[in-house]
Every structure is written in C-alpha cells, then in structure tokens.
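Worksheet for the structure shown next.
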Amino acid sequence: MTNKEELYREVLPQIEAVVSGETDTTANMANTAAVLHEAFGFWWTGFYIVRGQELVLGPFQGPVACTRIQKGKGVCGTAWARAETVVVPDVHKFEGHIACSSESNSEIVVPLINNGEVWAVLDIDSRKFNTFDEADKEYLEKIADMISPAQA
Ligand code: SME
C-alpha cells in the first residue's frame, strides 16, 4: 500500500465521524474540505454546488476562487456534465481549464451524486503535476458519498 493510501485510510474514519454526527450539508462540506486539505497539503480543496445551470462556490480551504462555473465548462463543469470523476495530470493541457490560480498544475474533480443527479462536486488542486491517480479517485469517491444534500 502506498503512503497516500495509508493516509486515506486514516482520514476516511475521521471524515465519517465528523459527518455522521451532523446533518447540515454546509458544515459537513466545510469539515471534509478541512480534513483533506490539512492531511494532504493540497493547494485548494473545496466544493461547488449545483444551482440551476451553474456551479456556485461552496465551502473550501485555500486561496480565493472563481465563484460560478457553467455546466460543461472547466474541469468542474466537465465532471458535472459527465457525472464522473475527472483526473487531470496537467491542467495546462486540459482544453477549457479554468485557472482560478496560476499555481495549480494538476486537479481532480469528483461529482456528488444523489438519485442519479449530480448536486455538487468536490474539487482539489495541487501545485505539483500528476498528483492524482486511481487511488485518489477511489477514496475521494467514497468520501463524496458520505455527504448528503440539504433536505428540501
Ligand atoms: N480549475 C477548475 C476551477 C475551479 S478552481 O480550480 C478552484 C475548473 O477548471 O473547473
């Protein structure tokens, strides 16, 4: 097992403990972003929430970010449109990448899906190239599944 997988195995129960005791979606997104950001030292870790035809910035850790992203645009809008995780080893080679920060070099976006509909995405940026792989996808998808949308 890689160091990264060991770290995911440590943070998974931490996140589960944090979100299982709380029903508020904003609080759970905020703490999930904080746990991941602190544990892995990512450049930017946060959520965008589906509001109509666009994604709007949600709880995050890291520098100021773009507030709205259209469906199908950038890595986030692509993960939303495809309803699947998008791993980008080099953001400069991703057609339509939205550069909220010039420091970011690789990225992963994981959709949060409820009843077959994407209702938010988890977006993580790294200053290093090639940061994210299948292990990140596997564990971050488990983490994304732990967060429930706000009840109507
Ligand atoms: N790079 C993202 C935009 C969001 S920031 O990375 C926080 C994208 O292309 O969708």
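The values are calculated or read from the model by the stated rules, or taken from the named source; none is laboratory data. Just so it is clear, the model here is predicted, and its values are computed rather than measured. Reconstructed Cβ throughout: ideal geometry from the backbone, glycine too, with neighbour counts over all protein chains shown. Surface accessibility is based on the protein's heavy atoms, side chains included, excluding ligands, DNA and RNA. Shrake-Rupley method; radii C 1.70, N 1.55, O 1.52, S 1.80 Å.
Of note:
- Build a GNM of the chain with springs between Cα atoms under 10 Å apart, and of SER20, SER126, SER104 the one that fluctuates most is SER20.
- About the centre of its Cα atoms, the chain shows a dipole size close to 480 debye [charges on the beta carbon of Lys, Arg (+1) and Asp, Glu (-1) only; nearest 20 debye].
- Taking every lysine pair in the chain that is 8 or more places apart or spans two chains, those with Cα atoms closer than 19 Å amount to 6.
- Once the Kirkwood radius over Cα pairs is known for the range 21-137, the Stokes-Einstein relation at 25 °C and 0.890 mPa s delivers a diffusion coefficient of 175 µm²/s.
- Note on SER101 and PHE40: the model spin-label points, each 7 Å out from Cα along the C-beta direction, lie 1.4 nm apart.
- Alpha carbon centroid spacing (whole Å) that separates the range 113-129 from the range 1-66: 10 Å
- Expected 222 nm ellipticity per residue - DSSP helices of 4 or more, -39500 (n - 2.57), all of the chain, to 500: -11500 deg cm²/dmol
- Protein accessible area in the chain, 1.4 Å probe - carbon and sulfur %: 46 percent
- Comparing GLU134, GLU107, GLU16 in a Gaussian network model of the chain where C-alpha atoms under 10 Å apart are linked, the largest mean-square fluctuation is found at GLU134.
- The residues of the chain present an accessible area of 52 Å² per residue when probed at 1.4 Å with all protein chains retained.
- A DSSP coil position with no more than 13 other Cβ atoms inside 10 Å describes the following chymotrypsin sites (Phe, Trp or Tyr not before Pro) in the range 58-152: PHE129.
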